[in-house]
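Working notes, beginning with the structure itself.
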Amino acid sequence: MARAKTKSKKKTTAKRAVKKKTTARKKKVTAKKATKRKVKKKVAKKKVAKRPAKKKVAKRKAKKKVAKRKVAKKKVAKRKAKKKVAKRKAKKKVAKKKVAKKKVAKRKAKKKVAKKKVAKKKVAKKKAAKKKVAKRKAAKKRPARKKAVRRR
């Protein structure tokens, strides 16, 4: 025989309260899950947004690096140019000194030559004076020649 259906009993207030609690709890859990999902999505969006920003920053950094390198190269070039100029100046200085030394040497040589000439002249004068003196002495020693008297 089929069992007779029993009348469903009305839920007691206590049971209803428990059910309410559980449903509330479930709702809370679902809400939390939803918020978590939302947060996750936000974070993901931020990450995606950050990616191009990071790329931009990287580009900027790369540009700066290149600029720095260029500046450094220019500095090196300037330094080299300065060194070249300094070398040229030094060479010119040395050349000037050489020219000046040559001039001084020439002047000295001229003076030497002039001194020698003066000395030679002095020596020649002395010799001439000595000769004159010697001649005079010789003439005094020799008896004077008698002048020949012309007869007519």
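The values are calculated or read from the model by the stated rules, or taken from the named source; none is laboratory data. Remember, predicted model here, so these are calculated numbers, not experimental data. Glycine gets a Cβ as well: all are built from the backbone with ideal geometry, and neighbour counts include every protein chain shown. Side chains are part of the model used for accessible areas, which takes the heavy atoms of the whole protein and leaves out ligands, DNA and RNA. Shrake-Rupley method; radii C 1.70, N 1.55, O 1.52, S 1.80 Å.
For the reader, a short list of remarks on this structure follows.
- Nearby lysines by direct alpha-carbon distance to Lys135 (threshold 23 angstrom, same-chain neighbours under 8 apart not counted): Lys120, Lys121, Lys122, Lys125, Lys126, Lys127, Lys146, Lys147
- 22 Å tail of the calculated P(r), region 36-115, as % of Cα pairs: 68 percent
- Solvent-accessible surface of the chain, taken per residue with a 1.4 Å probe and all protein chains present: 118 Å².
- Cross-link reach list, lysines versus Lys32, counting only Cα pairs under 23 Å and skipping chain neighbours closer than eight places: Lys19, Lys20, Lys21, Lys40, Lys41, Lys42, Lys45, Lys46, Lys47
- Percent accessible area from carbon and sulfur atoms, the chain, protein chains only, probe 1.4 Å: 61 percent
- Of Ala90, Val71, Ala49, farthest towards positive along the dipole that unit charges on Lys, Arg, Asp, Glu beta carbons give region 34-124: Ala49
- The chain: angle of helix 13-141 to the longest principal axis, Cα-based, in degrees nearest 10: 0 degrees
- Computed about its Cα centre, the charge dipole of region 66-141 is approximately 80 debye, with only Lys, Arg, Asp and Glu carrying charge at their Cβ.
- With all pairs of separate Cα atoms included, region 9-152 yields a Kirkwood hydrodynamic radius of 29.7 Å.
- In straight-distance terms, cross-link reach from Lys101 covers every one of the lysines whose alpha-carbon lies under 17 Å from its own, apart from those fewer than eight places away in the same chain; here that gives Lys91, Lys92, Lys93, Lys110, Lys111, Lys112.
- Shape category assigned to region 16-74 from the gyration tensor of Cα positions, a/c cut at 1.5: prolate
- Estimated dipole of the chain in Debye, rounded to 20 [Cβ of Lys and Arg +1, of Asp and Glu -1, Cα centre]: 1600 debye
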